[in-house]
Amino acid sequence: MNLSPEEYGSYWRASLRLSAGVLLVVFGYRFVTPLFAHSAFGARALGVALFVAIVAAGSFLAVLGLARAIRTAVDAEMRR
């Protein structure tokens, strides 16, 4: 697969979005885990709400990156 400079840059930006989404979920889980250890309902509810928001944001970033990487690869192959 031969990529033009623009496609190469687009591919790496997509890869960075994908990895940023994964890292957001991983570090978000580590950030929220202490809230799950508390016995109070409010702390657990806040932990669940934050975890759901972090997973949604991380998944959104990862899917955007994956879609861009696939689109770049398909465009490069179709150009051949």
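So, in region 49-72, exactly how many residues are surrounded by 13 or more Cβ atoms within 10 Å (Cβ to Cβ) and either over 19 Å from residue 10 (Cα atoms) or touching a strand residue (DSSP E or B) at 6+ places or on another chain (Cβ under 7 Å) (or both)? Talk me through it step by step, then tell me what you get.
Initial filter on region 49-72 (surrounded by 13 or more Cβ atoms within 10 Å (Cβ to Cβ)): 50-51, 54-55, 57-69, 71-72.
Imposing the further condition that a residue be either over 19 Å from residue 10 (Cα atoms) or touching a strand residue (DSSP E or B) at 6+ places or on another chain (Cβ under 7 Å) (or both) reduces the set to 50-51, 54-55, 57-59.
Qualifying residue count, region 49-72: 7.
May I ask you to list the residues in region 4-48 that are closer than 24 Å to residue 76 by Cβ, surrounded by 13 or more Cβ atoms within 10 Å (Cβ to Cβ) and either among the charged types (D, E, K, R) or over 24 Å from the mean Cα position of the chain (by Cα) (or both)?
Once the filter is applied, which keeps residues that are closer than 24 Å to residue 76 by Cβ, surrounded by 13 or more Cβ atoms within 10 Å (Cβ to Cβ) and either among the charged types (D, E, K, R) or over 24 Å from the mean Cα position of the chain (by Cα) (or both), region 4-48 yields 7, 13, 17.
In region 36-50, what residues are modelled with pLDDT of 90 or more and touching a helix residue (DSSP H, G or I) at 6+ places or on another chain (Cβ under 7 Å)?
Once the filter is applied, which keeps residues that are modelled with pLDDT of 90 or more and touching a helix residue (DSSP H, G or I) at 6+ places or on another chain (Cβ under 7 Å), region 36-50 yields 43, 44, 46, 47, 50.
The values are calculated or read from the model by the stated rules, or taken from the named source; none is laboratory data. As the structure is a prediction and not an experimental result, all values here were calculated from the model. Here Cβ is always computed from backbone atoms with ideal geometry, including for glycine, and neighbour counts include all displayed protein chains.
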